[in-house]
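Just below is one structure, and these are the notes that go with it.
The values are calculated or read from the model by the stated rules, or taken from the named source; none is laboratory data. Predicted, not measured: the structure shown is a model, and the values here were computed from it. Cβ sites come from the backbone with ideal geometry, for glycine too, and all protein chains shown count toward neighbours.
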Amino acid sequence: MNNWHLLLRLQLQRNKWRYTIWLVALSVTSISVAAALYQLFPTMQERNGLVAALKNPAMIAMIGPSQGFEHYTSGAMFAHEMMLFTAIIYAICAILLTTNQTREEEEDGQLELLRARPIATSLPLIITLCQLTLFFILLAIITTLGLTFLHIPSMDVASNALYSFSLSGIGLLFTTLTTVIAQLVTTARGTVGSALALLGVMYVWRGITDISNEKLSIVSPLAWSYLTNSYVTNTWLPIVYLLICSSVFIGIAFWLNAKRDIGEGFIRPRTGHKNASYFLRQSLGWQLRLQYVAIISWGVAFLLLGASYGSVFNELDRFFEKNKLLQQMLATPSAEQLAYHFLAMIGAIMAILTTVAIIQLIFRLHKDEVTGRLDLWLSRPLSRMQLLGERLVISGGSGMIFLILTTTGLFLGSRNMANPMTFTTILKSQLIHLPAIICCVALATLLLGALPRFKSVIWYYLIIVFFIDYFGDLLQLPEWLRHISLFYYLPALPLEKMNWYPVSLLFFASVLLLLFAFLSYRRRDFA
């Protein structure tokens, strides 16, 4: 333990670029959006014009409630529209960084080399927690200073600090939660999947309770971020909750870590059969067997998320009847049109999430390549083209299932509407995004085949696309910036008429990208 600071410095040196990218991305996002919102809505009258739309159940389910509607200042508007979205990004950042320094290092054998030295068993975990605690504190300080330097009225230093440290508190909470999960499961893949599943459950729970019974939202730690009511009442108590929960998770993580061996977990994978079946001895069956847990997990997530958003439709009718201003804002005043607007918005978001799920399934092929699993199969009469093709079939088929499950969830959740939408209408709003999904998947496959070192580029692109589609109308983003998103070119069914021209172009581009992807994958050297 005497040289713990040397190990901390070594780990910080190893991860400096990863930390720098996340620091810049997360801080710049909050600072730039705050500046943009103030420029777009500088007066109280303009901000009050948003309140009617933001009070509807659909928006509350997506971004959370606000206590600042009566006096909707620039700060209240910024925190309301950004807090939950940014908290989710902080949580994902914490999950990925923590898994990388716990289970991934354990799988790669780096932890075993380190533990061969005369160090305490708990030291690597201490170093990981120290790194990420410093990271989130630094991130909170940078964000606070950046927001303060904007000199926006109603956004004082104390409120900026509360906003920033609320988000960092969420990051710290998911850091400690992920360390606990890393002790329980045996793989990095399982750690990330379990942590993201818990994040999804927290998001769905707070979405339902924010509409039905706001008092129950406090059960979800994700809701603690906006329950601070930054720039309105500035309540610091939820941050205390975050710190207490984080401390409990730290204690559990150290207790579990002291009781297990390297490479082991408390939740052990099920022992397989002594002899593999005929299906498992085929490459398609083997790949499907490795992916089926992830496919089932994603499928359940899409069904539940669809059902939770579908339940929002039941509230839209009552909200529309009470809101005379909204009836005047819509060209064709009807609750049905409001439902179609929400359906189109949900369709784009779920399509991006489906793209993420498909690409994640495809990129696991590279993980199998690095770990040497593919060597055993490629030593048999199996071509790389067939291997990649089968992975695309599994991932693409799973994507179709995800879209259908989303549709099913939306359909079942919206059954209590006065005029329920048909299953076909909802399905069309989901399937219209299929060309953009396929094109993104084709681009990801090309990166996997030609430049696997740069495959993370597709993740950055999807983050940008999600930001554009999520905040495009609200921030009034310029037209040229919206053209970056492939999903922007497709008609928003059922609001708009079908246009086959962009659909055809995207399918044609996908075919070309996939052709180059297969050729590149066949020719390049494996890791």
Worksheet item: Only one residue in Ala492, Ala509, Ala517 is surrounded by 12 or more Cβ atoms within 10 Å (Cβ to Cβ) and in contact with a Gly (Cβ under 6 Å, 6 or more places away or on another chain), so which one is that?
Response: Ala517
Item to complete: Would you mind telling me which numbered condition in (1) of a type in the set (Val, Ile, Thr); (2) assigned to a helix (DSSP H, G or I); (3) in contact with a Ser or Thr (Cβ under 7 Å, 6 or more places away or on another chain) Ile152 fails?
Response: (2)
Discussion item. It is to be established whether one or more residues within the range 242-264 are outside the structural domain of Leu392 (by TED's automatic domain parsing), among the aliphatic types (A, V, I, L, M) and at pLDDT below 85.
Written reply: yes
Item to complete: Could you tell me whether any residue of the range 98-105 is outside any helix (DSSP H, G or I) and buried (at least 21 other Cβ atoms within 10 Å of the Cβ)?
Response: yes
Fill in: Residue that is surrounded by the most Cβ atoms within 10 Å (Cβ to Cβ), among those in the range 118-149 that are not hydrophobic (A, V, I, L, M, F, W, C) and not in a helix (DSSP H, G or I)
Ser122
Practice prompt. Scan the range 451-476 for residues that are more than 21 Å from the chain's Cα centre (by Cα) and surrounded by fewer than 17 Cβ atoms within 10 Å (Cβ to Cβ) and report the count.
Written response: 3
Discussion item. Among the listed residues Ser159, Ser164, identify the single one that is under 17 Å from His80 (Cβ atoms), within 20 Å of the chain's Cα centre (by Cα) and assigned by TED's automatic domain parsing to the domain that holds Ile31.
Written reply: Ser164
Worksheet item: If you go through the range 69-87 one residue at a time, do you hit one that is of a type in the set (Val, Ile, Thr), modelled with pLDDT of 90 or more and crowded, with 20+ Cβ neighbours inside 10 Å?
Response: yes
Worksheet item: Looking at Ser383, Ser395, which is the one that is farther than 28 Å from Leu481 by Cα and modelled with pLDDT under 90?
Response: Ser383
Fill in: Residue under evaluation Arg189, criteria (1) surrounded by fewer than 20 Cβ atoms within 10 Å (Cβ to Cβ); (2) modelled with pLDDT of 90 or more, criterion not met
(2)
Discussion item. Here is a list: Leu198, Leu227, Leu243, Leu216. Which entry is surrounded by fewer than 17 Cβ atoms within 10 Å (Cβ to Cβ) and free of Cβ contacts under 8 Å to residues at least 40 places away in the same chain?
Written reply: Leu216
Worksheet entry | Qualifying residue in the range 422-444 (condition: of a type in the set (D, E, K, R) and closer than 21 Å to Ala492 by Cβ) | yes
Practice prompt. Identify all residues within the range 5-23 that are under 21 Å from the mean Cα position of the chain (by Cα) and of a type outside the set (Val, Ile, Thr); write none if there are none.
Written response: Arg18, Tyr19, Trp22, Leu23
Discussion item. Condition (residue is polar (S, T, N, Q), in contact with an Asp or Glu (Cβ under 9 Å, 6 or more places away or on another chain), part of a helix (DSSP H, G or I) and in the same structural domain as Glu104 (by TED's automatic domain parsing)) applied to the range 183-191: is it met by at least one residue?
Written reply: yes
